[in-house]
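To start, I am sharing the structure in question, which I have written as structure tokens.
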Amino acid sequence: MTPSPKQTLSLWDGLVALVIVALAVGIFFWQTAAAGTGDLEAVIAINGQTVETIALSSLHDPTQRTYTSLGYTLELELSSTAVTMTHADCPDQDCVHTGTITQAGQSIVCLPARLSVRLLGTGASAPEIDVVIG
Ligand SMILES: [Zn+2]
């Protein structure tokens, strides 16, 4: 006996719909937790060592920070909602091309200078991302 294609299809559809709903709900809560109720915090690390932690909510006006590492100079602009690597004299410019980060869990990494900027959500549990430094 062959199962009716219609029944097979509807069972499959139901499973797929369940998975999609579960994923959507999961992503929604994950984003809510990450983007979150808490304030964003920028953690600047050089060579794996945190050199500065800046609570973005404390910034009323965009502020510039300059960091030097391994002979490179990196300029960071921080506002209450975003962090941008505005200028760097590293050879690959990957950090500058990363652009602006606005969400907890995002990061800007400059491998030549061994500098990383991570956004963390305070208050909400942000997904932990290991520092990636080559
Ligand atoms: Zn760079």
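The values are calculated or read from the model by the stated rules, or taken from the named source; none is laboratory data. Remember, predicted model here, so these are calculated numbers, not experimental data. Glycine gets a Cβ as well: all are built from the backbone with ideal geometry, and neighbour counts include every protein chain shown. Heavy atoms of the whole protein, side chains included, go into the accessibility calculation; ligands, DNA and RNA do not. Shrake-Rupley method; radii C 1.70, N 1.55, O 1.52, S 1.80 Å.
For the range 44-71, which positions are loosely packed, with under 13 Cβ neighbours inside 10 Å and in contact with a Lys or Arg (Cβ under 8 Å, 6 or more places away or on another chain)?
GLY48, LEU70
Which of (1) open to solvent by 80 Å² or more (accessible area, probe 1.4 Å); (2) over 20 Å from ALA104 (Cβ atoms); (3) at pLDDT 85 or above does THR2 not meet, given it meets every other one?
(3)
What tally of residues in the range 83-97 results from selecting those that are within 9 Å of PRO112 (Cβ to Cβ) and either of a type in the set (Ser, Thr, Tyr) or part of a loop (DSSP other than H, G, I, E, B) (or both)?
Total satisfying the criteria: 3.
Being crowded, with 19+ Cβ neighbours inside 10 Å, over 9 Å from the mean Cα position of the chain (by Cα) and more than 15 Å from the ligand (Cβ to nearest atom) is the filter here, so list the residues in the range 87-126 that pass it.
GLY121, ALA126
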